[in-house]
Structures are given as C-alpha cells and as structure tokens.
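The values are calculated or read from the model by the stated rules, or taken from the named source; none is laboratory data. Predicted model, so just to flag it, every value in this text is computed and none were measured. Cβ placement follows ideal geometry from the backbone for every residue including glycine, while neighbour counts extend to all protein chains displayed.
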Amino acid sequence: MQHAVAVKSSSSWFDLNLDLSNSQLSDEEKQAKKQLKASLKHQRKVQKLETRIQHAISRNDPIVEQSAREELDELLRNNDILQHQMQQVKASNDEQYDESMLLVRDIFHRLLSVFDKKEQSFSKAEQIQRAKDLLHHMTKGTQALTMFQDVTALRGYTRKKFYSRAGLVVESLGKLSPEQSSLSNKKDVIDACWKNLERINRVCSIGCGPGCDAVGLLAFLKGYVPNHNSSMHFILLDYAMEEWEDAVLDDLEPILTKSFASTVTCEHCDVTIPLLEKHAHLIEAKKAKEGAIFFFAEPLPWQLHRLIRMSAPDSDPSPLQRLRFAWIDSSMNHPELQELDGRAGGPAILLAIKN
Ligand SMILES: C[S@@+](CC[C@H](N)C(=O)[O-])C[C@H]1O[C@@H](n2cnc3c(N)ncnc32)[C@H](O)[C@@H]1O
C-alpha cells in the first residue's frame, strides 16, 4: 500500500508519496517531506500537552494544568518565531537556488539541442534505455571501461542525470551559506569552506563524466557568491575521457569557454593507478594547497567513512592527514546515523578543507 499525502510547495499542491526514499524524491518533494515531518512532530507535542491539560482539569489538578498551559503557550510562540525565520531564510535561499538552477537548465538545454542535432538514429527514450545498464553498474561501482564505449548510452546518462547531479552540487554547497541555518555541526569547517569559495578559480573534477559537477559549481558561484567574478579553470579527469569527450564534453567545452569565460582541460586519469611523471601538472593539482576544498559525493557513505578513518592522525602519514571534514548530507545532524555505513537513502555528501 502506498502512503501518499497532498502537500503544498511554494507554488503548487502535489501528492507526496511517503513510501519513497529521499533519493527518489525531487528537491521540492524532499523539502515538503521535511516540513511535513516537522509539522507532524509539532502537532504531536501540541496534542500531548492538550491531553495533559484535559486530564489535569478532570483530576482537578490546577498546578499541572497551569504548567502544561505555560508549556503549550511557549511551544506555540516558539513555533511562530521559527516559522517566520524559516520563511525569511527560505525566501532568500530560494532566490539564490533558483538563479543557480536557471543557469544549469540553460547549459543543459544547450547541450540537449546539440545532442538532438547529432543523435538522429536513436530516440530520447532509446538513449535513456541504453544508459540504464550503465547507471546500474555506476551505482554499484561495478562498471567496466567497455561499458562507456557507447556514445548513445553516455548521452542517455547525460539526459537522465546531468540536471539533477549539477543540482546536487548547488544544493549541497548552498547549505554552507551563513543564511542557511540547518548546518549546525562543524561550524568552523563550514565557515572556512564558505569563505574560500569566494576566491575559488581552479577546480578539478575527478570522475567528471559529462561535466555536471563542474557546471553545478559554476552555477552555484553565479547564484550564491555574487562577489565571485573571476573566470574558472576546470580540470576534468576521467578514465573514460575519450568516450565522454566524444559524447558530451566536446560540446560542453565551447559553452563554458565562450559564455562563461572559463578554460577547460580534459585529461585521462585512472584513480586506481598512481600518476606518472608525464602527468606532472596533475600531480601538482593533486598536491592541494592549504585552504583547498574537497567535495565528495557517493551513493552510499561507506567509502567516505573509510576516507575519514584513513585521515586520522594515527594512521600512516598521508596527504589526507591535514583534512578537516564536515558532512553536508541529510543526516549531518545525526552522528549516530553516519555510523551506519551501508545506509541507503540519498547520496552521501562530505566536504573537507585542507589545513
Ligand atoms: C557515477 S559516474 C559520476 C559522473 C559525474 N561525476 C556525475 O556526478 O554524474 C562515475 C564516473 O567516474 C568515472 N570512473 C569510473 N572509474 C574510474 C577510475 N578508475 N578512474 C577515473 N574515473 C573513473 C566514470 O567514467 C564516470 O564518469
């Protein structure tokens, strides 16, 4: 049986299926689900206090009645203040988020119109169908290089994932904004990352695929960091680089260079093989300087927990040691959930900054 409920977003009513995990919901639905949960929790507290008042009246217990009434008044007053603050923060965040996502949409549509001209032999549905297998292996980490040798499948992946994956970067980095009150843990790390984002001008995307993370970052900067006006240098790395270039990146590059005054370097890189001397410039990029920010996104968090453990001060000396971490995914305020390595439900997003 499905549990659906009609909820109102900022602009419209829609049915929210409560049986779906967060990863299956759109941003708007996730936000609505969060608000619905908070509102149900508030209603339960109110009901509990109202029941306590009724019981106290029937028992003729004025002391308990008075204290429950005061608690209820306080709860209702605090909720009004919170609602007001949330609306103010949401209004400004919505504007920034919308501006960023407009840019993502613009770039995405430009890419799609190039695909439409080139992909005469396969319909959009066929492109997406051919991407399904690849996607399944990507989620499980069982992909092989040969699976990427299908331009149509890579374009199908781009059709299906580019917009939401770029949106994930926008949404995640948007949580660092000082106006966004939801990130209360690791305040020092969050603040340091936010400050450094203003100065960012070089970005390396490892396992870049169709370049959606780079586009997400560009859009985030345009929407959330108005002081950021320098052009970007994107270093895009992937072990199927030739395939991604043929399918998507050769078309994305001119958009980023011409319309956004950015430069793009595409290079082959296999993260399972140490870099060679001929990759001197990549080795240089790998030696992240103080203040460098790392953004990790995984479908499940176990690899990221491992990374944190590997960077512990008592582990072998490694460049990881000077990293400070902050979770910015959905369970960021629940450290006990972070320990459930295999937990499903939403991508795990971890941020780190180098000391
Ligand atoms: C799940 S996709 C993510 C692509 C993109 N970052 C996104 O968010 O949509 C994983 C990417 O990693 C690349 N990849 C897989 N194994 C790799 C390896 N050993 N070294 C470098 N890139 C790899 C794949 O070609 C693919 O583009």
Problem - Hits in region 214-272 (condition: touching a Cys at 6+ places or on another chain (Cβ under 8 Å) and in a loop (DSSP other than H, G, I, E, B)) - result: 239
Practice task
Can you run down the residue pairs with Cβ atoms below 9 Å, 6 or more apart or on separate chains, where the first is in region 134-146 and farther than 13 Å from residue 161 by Cβ and outside the structural domain of residue 347 (by TED's automatic domain parsing) and the partner is modelled with pLDDT under 80 and within 9 Å of the ligand (Cβ to nearest atom)?
Solution key: 140/299; 141/299
Handout entry: Residue in region 168-181 that is farther than 17 Å from residue 353 by Cα and of a type in the set (A, V, I, L, M) present
Key = yes
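Residue 171: on the phi < 0 side of the Ramachandran plot and within 15 Å of the ligand (Cβ to nearest atom), yes or no? Walk me through it before giving the result.
Numbers: on the phi < 0 side of the Ramachandran plot: yes; within 15 Å of the ligand (Cβ to nearest atom): yes.
In short, yes.
Could you list, in sequence order, the residues of region 286-303 that are in a helix (DSSP H, G or I) and in contact with a helix residue (DSSP H, G or I) (Cβ under 9 Å, 6 or more places away or on another chain)? Walk me through how you get there before you give the answer.
So in region 286-303, the residues in a helix (DSSP H, G or I) come out as 286, 302-303.
Result: 286, single match.
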Practice task
Could you tell me whether residue 280 is at pLDDT below 80, assigned to a helix (DSSP H, G or I) and surrounded by 16 or more Cβ atoms within 10 Å (Cβ to Cβ)?
Solution key: no
Problem - Search result, residues across region 23-44 that are exposed (fewer than 15 other Cβ atoms within 10 Å of the Cβ) and more than 30 Å from residue 299 (Cα to Cα) - result: 43, 44
Handout entry: Hits in region 141-158 (condition: within 12 Å of the ligand (Cβ to nearest atom) and assigned to a helix (DSSP H, G or I))
Key = 145, 146, 147, 148, 153, 154, 157, 158
Completion exercise
Within region 113-127, the residues that are surrounded by fewer than 18 Cβ atoms within 10 Å (Cβ to Cβ) and hydrophobic (A, V, I, L, M, F, W, C) are 114, 122, 125
Fill in the blank from the handout: For region 207-237 the number of residues that are modelled with pLDDT under 95 and in contact with a Gly (Cβ under 7 Å, 6 or more places away or on another chain) is 1
